[in-house]
């Protein structure tokens with residue numbers, strides 16, 4: 001290639017890059033800077049999330065529901081009825097099934113349990129966070145006790161069927177220990193394509209909430225987006241290199257990967273999950289002020305009604321977390337297991353296929369969440 005042609009290629013490439021950058025800059029200026037749907041709207045909530053995100057892998061979803069300037073803790077827990085020394089105080093822990101019992105989620109379930117604790121004069125805090133499994137519940141409890149002085153008499157913990165997949169796929173390789181081999185955090189996602197990667201949300205929020213000029217904010221955002229997509233591409237290439245093209249999405253731990261541990265798990269995988277549940281339970285058992293632990297489990301759709309295989313045969317999940325919990329808590333009088341699998345499969349509860357919402361996580365429709373799930377929890381408390 002002649003020197004003249006080389007120079008032409010360099011100039012053309014440079015001009016193209018500058019034009020693309022300028023177009024991207026304008027797009028962000030007129031749209032993304034002010035209209036990004038998922039970002040924090042106050043430095044208070046942003047700083048709260050940055051602090052605890054490092055410890056918990058993720059908090060409640062950034063979709064506006066929890067955005068109260070003076071209550072950033074709503075991203076971690078919600079006070080339903082205040083705790084006090086002269087009350088029985090109840091803490092709810094678990095994943096989205098527990099989170100749904102909050103007023104701005106499933107209103108019927110919230111009203112049912114709110115009216116109950118008000119009538120009984122019980123304190124109630126709901127610390128349910130989507131996709132929290134025993135490891136994260138363990139860390140969360142330690143923070144609730146240390147940072148927020150929350151000390152319940154009764155802990156009601158929901159252990160979901162997907163928790164075994166969450167522990168093995170999502171969190172196992174992200175566990176961080178101190179020099180005494182104590183779990184201190186679950187590492188956050190960064191520049192990945194995973195569900196709970198909030199890298200973009202944090203950075204956008206920081207820029208938009210800063211006191212810098214609009215032009216400077218836009219410049220920083222443009223550079224960040226380029227960096228963000230570049231690092232995501234690098235991580236994607238690494239995933240393909242490590243796992244092969246067919247399994248390139250393994251690191252995302254989507255439902256297809258989590259579900260496989262319910263279809264079949266080997267003894268080592270089950271033992272690993274048992275140990276994570278035991279770690280959490282033992283933490284609670286060592287608190288003298290906790291009088292009762294109530295563990296709640298619920299079967300998923302394919303435990304009760306099965307699923308169709310490629311050859312049109314009906315199969316059922318082989319692994320049921322309810323059975324694993326039964327084995328762990330055997331002969332412990334301080335722990336009660338509200339086992340919906342037994343209640344439903346033994347026909348002690350009338351249960352139909354359309355009670356499920358129809359999503360991959362087998363959530364219940366709002367009315368059935370209230371009339372079956374929440375009502376039975378209240379009956380146990382009575």
field: Selection from the stretch 333-363 of residues that are in contact (Cβ under 8 Å) with a residue 12 or more places away in the chain and within 21 Å of residue 381 (Cβ to Cβ)
entry: 334, 335, 336, 337, 338, 339, 340, 341, 342, 343, 344, 349
message: Conditions first: (1) in a loop (DSSP other than H, G, I, E, B); (2) within 23 Å of the chain's Cα centre (by Cα); (3) closer than 24 Å to residue 279 by Cβ. Residue 360 passes all but one, so which condition is the exception?
response: (3)
Restricting the stretch 100-129 to residues that are modelled with pLDDT of 95 or more and under 17 Å from the mean Cα position of the chain (by Cα), the residue that is nearest to residue 77 (Cα to Cα): 127
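State all residues of the stretch 101-110 that are in contact with a helix residue (DSSP H, G or I) (Cβ under 7 Å, 6 or more places away or on another chain) and either crowded, with 23+ Cβ neighbours inside 10 Å or part of a helix (DSSP H, G or I) (or both); if no residue qualifies, say none. Give the derivation first.
Within the stretch 101-110, the first condition is being in contact with a helix residue (DSSP H, G or I) (Cβ under 7 Å, 6 or more places away or on another chain), and the residues that meet it are 101-103, 105-106, 108-109.
Listed by number, the residues that qualify are 101, 102, 106, 108, 109.
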field: Filter result (buried (at least 20 other Cβ atoms within 10 Å of the Cβ) and touching a helix residue (DSSP H, G or I) at 6+ places or on another chain (Cβ under 6 Å)) within the stretch 283-303
entry: 293, 295, 297, 298, 299
- request: Answer yes or no: is there a residue in the stretch 310-319 that is in contact with a helix residue (DSSP H, G or I) (Cβ under 9 Å, 6 or more places away or on another chain), modelled with pLDDT under 95 and in a helix (DSSP H, G or I).
  value: no
- prompt: Within the stretch 143-171, how many residues turn out to be surrounded by fewer than 23 Cβ atoms within 10 Å (Cβ to Cβ) and either at pLDDT below 95 or within 13 Å of the chain's Cα centre (by Cα) (or both)?
  reply: 2
field: Subset of the stretch 149-186 [in contact with a strand residue (DSSP E or B) (Cβ under 6 Å, 6 or more places away or on another chain), farther than 30 Å from residue 374 by Cα and not in a strand (DSSP E or B)]
entry: 174, 178
- prompt: Being without any contact (Cβ under 8 Å) to a residue 60 or more places away in the chain, surrounded by 14 or more Cβ atoms within 10 Å (Cβ to Cβ) and assigned to a helix (DSSP H, G or I), is that true of even one residue in the stretch 264-271?
  reply: no
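Answer yes or no as to whether residue 342 is closer than 19 Å to residue 159 by Cβ, at pLDDT below 95 and assigned to a helix (DSSP H, G or I).
Working: closer than 19 Å to residue 159 by Cβ: yes; at pLDDT below 95: yes; assigned to a helix (DSSP H, G or I): yes.
So residue 342 passes the test.
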field: Residue within the stretch 78-91 that is closer than 21 Å to residue 162 by Cα and either in a helix (DSSP H, G or I) or at pLDDT 95 or above (or both) present
entry: no
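The values are calculated or read from the model by the stated rules, or taken from the named source; none is laboratory data. Worth saying up front: this structure is predicted, and the values here are computed from it rather than measured. As a convention, Cβ positions derive from the backbone with ideal geometry for all residues, glycine included, and neighbour counts pool all protein chains shown.
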